[in-house]
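K.L.:
I have a structure I would like to understand better, so I am pasting it below and will then ask my questions one at a time.
FYI, it's all coordinate maths here, none of it is from the lab. Please read these numbers as outputs of a predicted model, since none were measured by experiment. Methodologically, a virtual Cβ is constructed for each residue, glycine included, from the backbone with ideal geometry; neighbour enumeration extends over all protein chains shown.
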Amino acid sequence: MKNYKVLLLLLFLLFVYTFFCAITYANVVSNDISENVFRLHVIANSDSDEDQNLKYLVRDSLLNYMEELSKDCKSKDEVISIAKEHSSDFKSIAVNTIRENGYDYDVSINIGNFDFPTKTYGDISLPSGNYDALRVEIGEAKGKNWWCVMFPPLCFIDISSGVVPEDSKDYLKENMSEEEYKLISSEEDNVFNLKFKLLEFFANNHLIS
């Protein structure tokens, strides 16, 4: 009986150790990934077809402007700095697009750290978690969201092609460990697929920050 209790205690301690190691791993990797991207988040006024279509028009206007502004940027900090400098321009562009299409919604522009679900951009997937982003809220902002990555420039790819530009991949490779890059790429590897699920599990249960 004594040996049985000792075995149970050892198994419990092993479980606790493994659990905290997994949380530590997920925290480090999640933070490293989020520190290397700057995202765009557009929220429609409502889920009506009209408001959803308007959301995409606003998105296109903002992306056209941002692509020109950030085309020579080499770091996330540069893009964030430019976004902050031109936040009033983003609002003006969004409002003008809305007015040109016959609506009178107001627009809120915020740059901060926000919660995101898991999203796939071509052959790159980003786990759920907190990311720095430019958030655009149209009207009551009660409609479906649209997300992309402004830096590295994944917003400007043709999603239907399923391929992210090599320049964007090179930036991610240079600023992430080999393991972190493999986690977000579409390479078929059961071990990394399992680790990606681990990140999602802890993020969705708010066990990592």
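K.L.:
Multiplying the sequence separation of SER48 and ARG99 by 0.36 nm and subtracting their Cα-Cα distance, what value in nm do you get?
P.N.:
16.6 nm
K.L.:
How high is the FRET efficiency from LYS74 to ASN145, r the C-beta distance, R0 30 Å, rounded to 0.05?
P.N.:
Computed FRET efficiency for LYS74 and ASN145: 0.60.
K.L.:
Between ASP170 and LYS84, what is the label-to-label distance in nm when each label sits 7 Å out along the Cα-to-Cβ direction?
P.N.:
The answer from the label model is 2.9 nm.
K.L.:
Going down the table (LYS91/LYS169; LYS91/LYS173; LYS76/LYS169; LYS142/LYS182; LYS71/LYS144), which pairs top 25 Å between alpha carbons?
P.N.:
Checking Cα-Cα distances, LYS91/LYS169; LYS91/LYS173; LYS142/LYS182; LYS71/LYS144 exceed 25 Å.
K.L.:
At a Förster radius of 41 Å, what calculated FRET efficiency corresponds to the Cβ-Cβ distance of GLU178 and TYR56, to the nearest 0.05?
P.N.:
0.65
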